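So the structure is just underneath, and the comments pick up after that.
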Amino acid sequence: MAYAYLFKYIIIGDTGVGKSCLLLQFTDKRFQPVHDLTIGVEFGARMITIDGKQIKLQIWDTAGQEAFRSITRSYYRGAAGALLVYDITRRETFNHLTTWLEDARQHSNSNMVIMLIGNKSDLESRREVKKEEGEAFAREHGLVFMETSAKTAANVEEAFINTAKEIYEKIQEGVFDINNEANGIKIGPQHSAVGGASGAGGAGAGGAAGGGCC
Amino acid sequence: MQKMLSRFSDVLQTAADVLAPPPTRLEDFEYHWKMILNFYQNYDESSKVHIEDTRIPHHLHQMLQLIVDEEKEQQGGTVGPCLEAIVQHKICVLDALTALAAADRPPGARSLALTTGTALLRRTRQPCVNSVHVYRPLQRMLIQCNESPASPTEKEEVELLLTLCGLVRKEPGLANVFTTPFVEDKASLLSIPEDIQKLIPIKSKVQTPKHNTLFEVEFSSNTLRHMPIVRTNGPEDGNTGSGSADDASCKSQKTVYDDNDKFLLIDLLLSYLNSADNQVVLRACEGIMIVSSLPEDDIANLVTSCSPVCEAIVDKLAVKYKCIPFNTEPTDVDNLNITWAYLAQDYGDKAMNKFQGYRELTSFYSWLDYCDTLMKECHPTIAAHLSRTFRQSFLEACAEAGVRSPRHAALATAVLAKCLRAVDAADLISEFSNWLVGEGEVPEWPLLHKLISNCLTDNHDITLETLQFFQTIIEKGTEHSIHRLVLSRVCSRGYLSQQPPLEDEERDRLNDVSLWRERERNREAMQQLQHEDHVTEQIHDILSHEGVDVTGQDGAQNIHKIVNSFLLLLPRAILSDPVGADYLHYIHDAHRHYQFWLDQTSTFNWPSESNYVDTTASSTHSYDSRPEADIHLDEAFDNYKPDDKSPDPAASFYIEKYNYPQKLPKVSTGDEDFDEGPFFRMLYKLLLNMPHQPYQINLHLTAIVSKLALIPHPNLHEYLLNPMLPTAKKTQTLFKVLQEVARKLSVEIPRIKNYKKVIESTRLQLMSEDPIYDERGDHNQLVESLIVLEEFCKELAAIAFVKYQHALQVAR
Ligand SMILES: Nc1nc2c(ncn2[C@@H]2O[C@H](COP(=O)(O)OP(=O)(O)OP(=O)(O)O)[C@@H](O)[C@H]2O)c(=O)[nH]1
Ligand SMILES: [Mg+2]
């Protein structure tokens, strides 16, 4: 199916917080009660609509276990958005957010949109992290925040779509260079004629000095 | 029918449950196991019913769930009764899965067996893989399913392999389960044990061993039961361990492997690297990366010496390189931006035909990105081995030929330059650089010479691509490569001359128009000196900010002179931008770039940069320091003859105080010529040819020189950036070369009709970066080269200034 834009996402966060379940809920609208450990990276895709435009989301669900971090790092580069997930019933998954954020910021392009997700909101009785704490962390680090439940599907659509909206706005503002695929954004087939000519560059004498890549 | 019956039996069971006390988990487990056995005891091999239409998936799923559930209740990592039954080989469900996978009966059974095995390993925390009754069926299943060419279940196969890699990553001792002699002999692994055949009486598809490199080594005939799971350095003692889970410690210990040993896990993964399905390749890549990233030395040794993984990965790179079509445009190569991990999805895209060669280039660079990423993530032993293999089997055996072939040199060089730009792993960059510039005592490295001569051909495409390659080589410079390329000769300071052997006449003439005096004279005439005022102000600001007395500083005056030497190189009359509005922009850029170089070279064992500045004014040396290179080209226009002939004392500044403790300055005796080496020779030759070369070449050429000028090495610094350096007449320096070019331009350009107009319009067009302009044929190359030189001089001045400024800060 034709799309106007394609965005690449990654889902990151500690093991067992529900990353794979969030993806499954978003792409297949179902919930998986067992923890099928992710090794390497799982892939899912779905079409959404923003501003009347078809947008294809390609989502990579990464492994949360430390042992597989080498693989996860390969996906930071080239993603336009990231869902950083913790489990509201396990405080340690919240405590690890800083490490995740550092890792993401270090390996990804600086414009990557990061959405903070407190998952398993259906388990209110076992909550260990207050919603306000999530909000505060997000505010402090310039992230968008949301609590979700992969089980009841509460806010799952919103989480993925709001991230896309944020990326879309950045594109409109010209923050993202959409011709550089390393940014995790691709223009759909019907648009590609527009972006073709630009970026040839290198012709100005000023470029002799200014354009160096160091 | 089958299905109905089994449903019915489940119902009966449920009915029985109501009457009897609820069964234990183990009883449940045994029940489902019996149902599976019943099914196969009565199985008609000619039946076409798919396995999904039988109760087998249900029973297997229930058994799996029981294991998962019991584990949640187990305390302290003990094994629950269901899993215990497997480990004890009372319920050999894993062997049954292997038989199912081998026979694929009913159709679809293989896929089910593989996914069930995978799920067991992924859903349980302690799947007891170190137990012989767990790992042997898994080994068997993997080997029996590993068909060539690709089997329809390769996705499930590689998924199981990846899962095992994951387990090894978390429990390194498990690696031994996949090495000889734990991998049993061929015959045993390719058949189903007889007791299982009795339980599951279906014919295995696997009869004759296929040609499979996995078995090219004779396995020892030791049986597993007598081997300890962890091999130690000690003498082999068959009785110390047993194959049972209880005895097997899974801690990785120092183990010894010999070259004939095999690492089954990796070897199997390798066979999936050539799959037509990119998802499968991706999984195999992930598996290799997971195992290679283990910190254990013995596993790293196992990977490098007992498996051909590094060789296979590099061979694949070479194959992909050779697939790049000849007629790919070299200029298309540079804009690619590829991450290996995302490629499998991108491949389906129709946009893969963007331009000739796009698909092949994408495939090649994504594989290179994988090599590079792997090298960054893996154990240092593997990284070293992989980068050596990369050099031997890719660079030397494959890529070098392209650079040497006149027909393919442009494309081959473009591809290699992009390779070097793309890689990031230190080992890889270092091998790459060493291949380019040579090692050891070989003074004239053949490949480097080839590249240099490629730069000097008449073929502009080759020149351009090779220059870009050199630019990358410098940007990615290692201490060794920078030394080989530019420092080896400069280090001796052989360019210095004690007595500049100037002819009397010439010396007089030079002194006549010395910069110092001319500056005074032309102050109003030359608006360009506004730059100087800018700079003066800035230096004054900085100096006074640092508490230095500005008025009395020779250092400060000296930097003024250096900056002006560059800025006043071209006569004002032919300048395209006499106002020099963007000079600050150059300073800004130089700051940024210089910081890059400081970081890049911070670990290099180079003499300190503080020698750039001399804040003492005393002149303690004896040799004549009059600037021989101080010609000013406005002379060409107004034939100025000053009457004051006294030499300029301040010019002596820059040759003082270069006393490095480790190297005494060597100063040539005047008639002995300094050999700048082939690389500088090439650069000077091209620089001299600037007026007659295409704009793009000049752009890249000057970019290389400005990179060199930024390098924080004191000798290179003075050699390139000190116009007042006393040198022998025949010793070539950057400044002399630029003066020569400026001289040529100032003679030739005024001959162009309406030259001021032409200069103005050319500048406008170049600055507009209009791609159409590039394609038009009516460029004025001469004027374009003038503009490049003009901008280049600003850049050099900015670099000199920024380095001076930085040195001042360091000095304090
Ligand atoms: N109650 C509840 N359980 C959830 C929710 N999301 C996930 N889970 C459960 O949490 C466990 C782990 O979920 P996964 O999605 O597999 O975890 P993951 O983050 O992908 O973990 P890794 O793959 O190891 O990184 C599973 O048992 C899920 O059923 C949720 O929103 N509510
Ligand atoms: Mg997961």
Checklist entry - Which residues, counting only those in segment A:17-56, are part of a strand (DSSP E or B) and more than 13 Å from every other protein chain (Cβ to nearest Cβ)? => result A:ARG46, A:MET47, A:ILE48, A:THR49, A:ILE50, A:LYS53, A:GLN54, A:ILE55
Checklist outcome for this item: Those residues of segment A:118-177 which are of a type in the set (Gly, Ala, Ser), away from ligand 1 (no atom under 13 Å from the Cβ) and farther than 20 Å from A:PHE94 by Cα amount to A:ALA164, A:GLY174
Checklist entry - Within segment B:409-426, how many residues are open to solvent by less than 50 Å² (accessible area, probe 1.4 Å) and outside any helix (DSSP H, G or I)? => result 2
Next on the checklist: Suppose we keep only residues that are within 16 Å of ligand 2 (Cβ to nearest atom) and in contact with a Leu (Cβ under 8 Å, 6 or more places away or on another chain) within segment A:92-142. Which one would you say is farthest from A:GLY78 (Cα to Cα)?
Outcome noted: A:ASN119
Item to check | Only one of B:ILE759, B:ILE787, B:ILE772 that is more than 30 Å from B:SER488 (Cβ to Cβ) and more than 39 Å from the chain's Cα centre (by Cα) | outcome: B:ILE759
Checklist outcome for this item: Residues in segment A:16-45 that are in contact with a helix residue (DSSP H, G or I) (Cβ under 8 Å, 6 or more places away or on another chain), open to solvent by 40 Å² or more (accessible area, probe 1.4 Å) and either free of Cβ contacts under 8 Å to residues at least 40 places away in the same chain or within 6 Å of ligand 1 (Cβ to nearest atom) (or both) total 7
Next on the checklist: Considering only residues that are within 14 Å of ligand 2 (Cβ to nearest atom) and open to solvent by 10 Å² or more (accessible area, probe 1.4 Å), which ones fall in segment A:1-15?
Outcome noted: A:ASP14, A:THR15
Checklist outcome for this item: Being open to solvent by 10 Å² or more (accessible area, probe 1.4 Å) and of a type in the set (A, V, I, L, M) narrows B:VAL737, B:VAL747 down to just B:VAL747
Checklist outcome for this item: Filtering segment A:62-91 down to residues that are open to solvent by 10 Å² or more (accessible area, probe 1.4 Å), assigned to a helix (DSSP H, G or I) and more than 15 Å from ligand 2 (Cβ to nearest atom) yields A:ARG73, A:ARG91
Checklist entry - If you go through segment B:56-68 one residue at a time, do you hit one that is at pLDDT 90 or above, in a loop (DSSP other than H, G, I, E, B), in contact with a Phe, Trp or Tyr (Cβ under 8 Å, 6 or more places away or on another chain) and over 17 Å from B:VAL134 (Cα atoms)? => result no
Next on the checklist: Of all residues being more than 13 Å from the chain's Cα centre (by Cα) and in a loop (DSSP other than H, G, I, E, B) in segment A:1-15, which is nearest to ligand 1 (Cβ to nearest atom)? Just the residue, please.
Outcome noted: A:THR15
Next on the checklist: Please go through segment A:164-214 and give me each residue that is at pLDDT 75 or above, open to solvent by less than 30 Å² (accessible area, probe 1.4 Å) and at the interface with chain B (Cβ under 7 Å from one of its Cβ atoms), ordered by number.
Outcome noted: A:ALA182
Checklist entry - Before we move on, is A:ILE48 within 13 Å of ligand 1 (Cβ to nearest atom) and either open to solvent by less than 10 Å² (accessible area, probe 1.4 Å) or closer than 30 Å to B:HIS61 by Cβ (or both)? => result no
Item to check | Enumeration of residues in segment A:61-84 that are aromatic (Phe, Trp, Tyr), at the interface with chain B (Cβ under 8 Å from one of its Cβ atoms) and within 13 Å of the chain's Cα centre (by Cα) | outcome: A:TYR75
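Answer yes or no as to whether A:ILE59 is in contact (Cβ under 8 Å) with a residue 60 or more places away in the chain, closer than 28 Å to B:LYS72 by Cα and in a strand (DSSP E or B).
Against the criterion (in contact (Cβ under 8 Å) with a residue 60 or more places away in the chain, closer than 28 Å to B:LYS72 by Cα and in a strand (DSSP E or B)), A:ILE59 does not qualify.
The values are calculated or read from the model by the stated rules, or taken from the named source; none is laboratory data. No experiment lies behind these values; they were computed from the predicted model shown. Cβ sites come from the backbone with ideal geometry, for glycine too, and all protein chains shown count toward neighbours. When the accessible area is computed, the model is the full protein with side chains, heavy atoms only, and any ligands, DNA or RNA have been set aside. Shrake-Rupley method; radii C 1.70, N 1.55, O 1.52, S 1.80 Å.
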